[in-house]
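Student: Dropping the structure in here first, questions after.
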Amino acid sequence: MLVSACNGADELCIFEQWVMPGAGAPTHSHPVEEVLTVLSGVAEMWIDDERQAIEVGHSLIVPAHKKHGFLNAGTTVLHVHAVLASRSFDATVGSSSEPVQRWRQGR
């Protein structure tokens, strides 16, 4: 976690992930927009049923409430930078009705 309510952010949650080949983030949604940028490696990313390969330097803009996820589609560690228009990480995974909430402390 780089930026969130934990260190004073009012409207941003910024973090990085390092993902081993074959692993990734399961299908989930957020109540806000998210931008995912590949810093190294290659990712298979999806929004709803549309999938695409995202390579280094490219981003995927995910609209609020859209189901999305990603998978490391390469043979090396995938490095992803994520920005959410929120002071914390709130996500609903799969068909669950209970959101996952992280990095909520702060003001």
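Student: Could you run the Karplus curve 6.51 cos²θ - 1.76 cosθ + 1.60 with θ = phi - 60° over the stretch 35-41 and give me ³J(HN,Hα) per residue in whole Hz, x for Gly and Pro?
Tutor: 10, 10, 10, 7, 8, 7, x
Student: So what are the radius of gyration and Dmax for the Cα set of the stretch 1-52, in Å?
Tutor: Gyration radius and largest Cα-Cα distance of the stretch 1-52: 13.0, 36 Å.
Student: If you build a Gaussian network model of the chain, linking Cα atoms that sit under 10 Å apart, which residue out of I14, I61, I47 swings the most?
Tutor: I61
Student: While we're here: Leaving out ligands and nucleic acids, and using a 1.4 Å probe, what accessible area per residue does the chain come to in Å²?
Tutor: Value for the chain: 55 Å² per residue.
Student: Summarise the accessible area of the stretch 51-98 (1.4 Å probe, protein heavy atoms) by the percent that is carbon and sulfur.
Tutor: Its accessible area is 55 percent carbon and sulfur atoms.
Student: A follow-up question, please. If I build a Gaussian network model for the chain, linking alpha-carbon pairs within less than 10 angstrom, which residue out of H30, H68, H58 has the largest mean-square fluctuation?
Tutor: For the chain, modelled as a Gaussian network with Cα springs under 10 Å, the answer is H58.
The values are calculated or read from the model by the stated rules, or taken from the named source; none is laboratory data. Computed from a predicted model, the values in this text were never measured in an experiment. The accessibility values were calculated without ligands, DNA or RNA, using every heavy atom of the protein model including side chains. Shrake-Rupley method; radii C 1.70, N 1.55, O 1.52, S 1.80 Å.
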